[in-house]
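The values are calculated or read from the model by the stated rules, or taken from the named source; none is laboratory data. Since the model is a prediction, treat every value here as computed from it, not as a measurement. Methodologically, a virtual Cβ is constructed for each residue, glycine included, from the backbone with ideal geometry; neighbour enumeration extends over all protein chains shown.
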Amino acid sequence: MPALVLLGAQWGDEGKGKATDLLGGSVDYVVRYQGGNNAGHTVVVGDQKYALHLLPSGILSPTCVPVIGNGVVVDPSVLLSELSGLNERGVDTSKLMISGNAHIITPYNVTVDKVTERFLGKRKIGTTGRGIGPTYADKINRVGIRVQDLYDESILTQKVEAALDVKNQMLTKLYNRRAIAVEQVVEELLGYAEKLAPYVADTVLVLNQALEEDKVVLFEGGQGTLLDIDHGTYPFVTSSNPTAGGACTGSGVGPTKISRVIGILKAYTTRVGAGPFPTELFDADGEALRRIGGERGVTTGRDRRCGWFDAVIARYATRVNGLTDFFLTKLDVLTGWEQIPVCVAYEIDGKRVEELPYSQTDFHHAKPVYENLPGWSEDITKAKSFSDLPKNAQNYVKALEEMSGAPISAIGVGPGRDETIEVNSFL
Ligand code: GDP
Ligand code: IMO
Ligand code: MG
């Protein structure tokens, strides 16, 4: 069981933080492989609640080495304040490793994110405004700044110059903004160099050597399958690959090392930001899911859009990630409904469609076909085993498993570490 991937099977916020933390004590490394501080992963340990944005959730497990892989985009100021916030709460962060090849979110990337969203007007993506898209764009355009560049002032200056050349033209001439001075950016970035130095490492080598020694490596995805730049609901996506393949490119670990891919799946569906969402509810049920599920963004504080479970999406997640297991979260939130509708297929222009359409136009026209499953009213938050669940809750889980194409190996019945029913062991 050398390497496992844990990723979001829907549009993010499925409970990846909780699931990662649960395994954190039994694995040797927890690795973030993509995304940046657009992520907000909640971990609840006893009466303590942590919101992690850039740091892998494994940082809360004392025996585990947290790693920020090459595929992540790092905002140094956010990282340093996240580290000091944890230190103040008594969490040891000294084992953290950051890839020297990870790209840096510069202040101008954050500016460009905000300015372009504003100019998109009603066509905006609804990004988190953290500079994610522009930083990945610079990476692909080969004008990105990497963590290792902080340690060579001359190279850093040349790269910042190259990156700002076009951007300043754009900012001043197109967007009517002030130009950003190269020296100011370089000075700010150099100011982080010393503080980050103890963490910077050749993480590709470290992880591969660890795997050779039979250590267990857990990859923790940010965002989710439907937010993937290639496999998500483009263009309403993030700019990285949260899907399983991203764990390889974002860490330098080959696919032959990965033996298990766990999709974190909410018992209903949520989405933050713009874009199509077939099962979205605009009624009292949607409001109730938001209220009971506490569906408010960890990063931006925005209300999450809520809807019923969508099995078409779950099947798609199984396929594009090669999922071996699901971890079903927030089953407790559904307690109290007499009937729980589940989307089993779509109707698109009068035809029943069982699989996610590749065409954006079709997906925008998809209407959910619902099947009603009987609900339950008993409190399930204390359930420790599958048989503790009321019959209808068991049947709901079994029905989802059948529709989704992979076994449900764990069930979340509350936010806490121990509010989990383990059906099959992950390790
Ligand atoms: P992530 O981004 O995938 O890590 O998910 P978020 O932390 O953004 O959102 C998930 C929310 O649901 C957090 O507030 C978690 O504490 C909470 N949560 C996770 N699993 C469960 C569960 O099984 N039941 C309940 N009630 N809450 C859960
Ligand atoms: P976690 O890891 C939910 C969404 C944004 C927006 C789109 C693009 O907590 O699940 P970006 O800033 O990435 O360019 O925004 O992606 N988004 C998320 N939605 N959970 C997240 O992370 C998200 N990270 C980005 O709302 O629609
Ligand atoms: Mg989140």
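Numerical summary
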read-out: Evaluation of residue 84 against (1) in contact (Cβ under 8 Å) with a residue 60 or more places away in the chain; (2) assigned by TED's automatic domain parsing to the domain that holds residue 327; (3) more than 16 Å from ligand 1 (Cβ to nearest atom) (one fails), failing number; value: (1)
read-out: Options 194, 188, 212: the member that is surrounded by fewer than 20 Cβ atoms within 10 Å (Cβ to Cβ), over 30 Å from residue 14 (Cβ atoms) and assigned by TED's automatic domain parsing to the domain that holds residue 70; value: 212
read-out: When residues of the range 211-249 are limited to those that are among the hydroxyl-bearing types (Ser, Thr, Tyr) and in a loop (DSSP other than H, G, I, E, B), the one farthest from ligand 2 (Cβ to nearest atom); value: 243
read-out: Options 265, 281, 289; residue that is touching an Asp or Glu at 6+ places or on another chain (Cβ under 9 Å), at negative phi and away from ligand 2 (no atom under 16 Å from the Cβ); value: 281
read-out: Residue in the range 56-63 that is surrounded by fewer than 18 Cβ atoms within 10 Å (Cβ to Cβ), within 16 Å of ligand 1 (Cβ to nearest atom) and over 18 Å from residue 221 (Cα atoms) present; value: no
read-out: Selected residue (criterion: nearest to the chain's Cα centre (by Cα)) from residues of the range 12-34 that are near ligand 1 (Cβ under 10 Å from one of its atoms) and not acidic (Asp, Glu); value: 12
read-out: Residue check for residue 396: in a helix (DSSP H, G or I), in the same structural domain as residue 264 (by TED's automatic domain parsing) and either within 16 Å of ligand 2 (Cβ to nearest atom) or among the aromatic types (Phe, Trp, Tyr) (or both); value: yes
read-out: From the options 63, 93, residue that is away from ligand 3 (no atom under 15 Å from the Cβ), outside the structural domain of residue 412 (by TED's automatic domain parsing) and of a type in the set (Ser, Thr, Tyr); value: 93
read-out: Residues satisfying the stated conditions in the range 250-309, i.e. acidic (Asp, Glu) and either in a helix (DSSP H, G or I) or away from ligand 3 (no atom under 16 Å from the Cβ) (or both); value: 280, 283, 285, 287
read-out: Hey, residue 189 in a helix (DSSP H, G or I) and touching an Asp or Glu at 6+ places or on another chain (Cβ under 6 Å) or not; value: no
read-out: Those residues of the range 326-382 which are of a type in the set (A, V, I, L, M) and in a loop (DSSP other than H, G, I, E, B), in sequence order; value: 356, 366, 380
read-out: Number of positions in the range 375-425 that are in contact with a helix residue (DSSP H, G or I) (Cβ under 7 Å, 6 or more places away or on another chain) and among the polar types (S, T, N, Q); value: 4
read-out: Restricting the range 90-126 to residues that are of a type in the set (Gly, Ala, Ser) and exposed (fewer than 15 other Cβ atoms within 10 Å of the Cβ), the residue that is farthest from residue 142 (Cα to Cα); value: 90
read-out: So residue 178, is it surrounded by fewer than 13 Cβ atoms within 10 Å (Cβ to Cβ), over 27 Å from the mean Cα position of the chain (by Cα) and not in a helix (DSSP H, G or I); value: yes
read-out: Neighbours by Cβ (under 7 Å, 6+ apart or cross-chain): first from the range 336-357, among the acidic types (Asp, Glu); second part of a loop (DSSP other than H, G, I, E, B) and surrounded by 14 or more Cβ atoms within 10 Å (Cβ to Cβ); value: 338/375
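Every residue, every condition in (1) closer than 30 Å to residue 121 by Cα; (2) out of contact with any Phe, Trp or Tyr (no Cβ under 7 Å at 6 or more places or on another chain), yes or no:
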position: 240; (1), (2): yes, no
position: 261; (1), (2): no, yes
position: 277; (1), (2): yes, yes
position: 299; (1), (2): yes, yes
position: 302; (1), (2): yes, yes
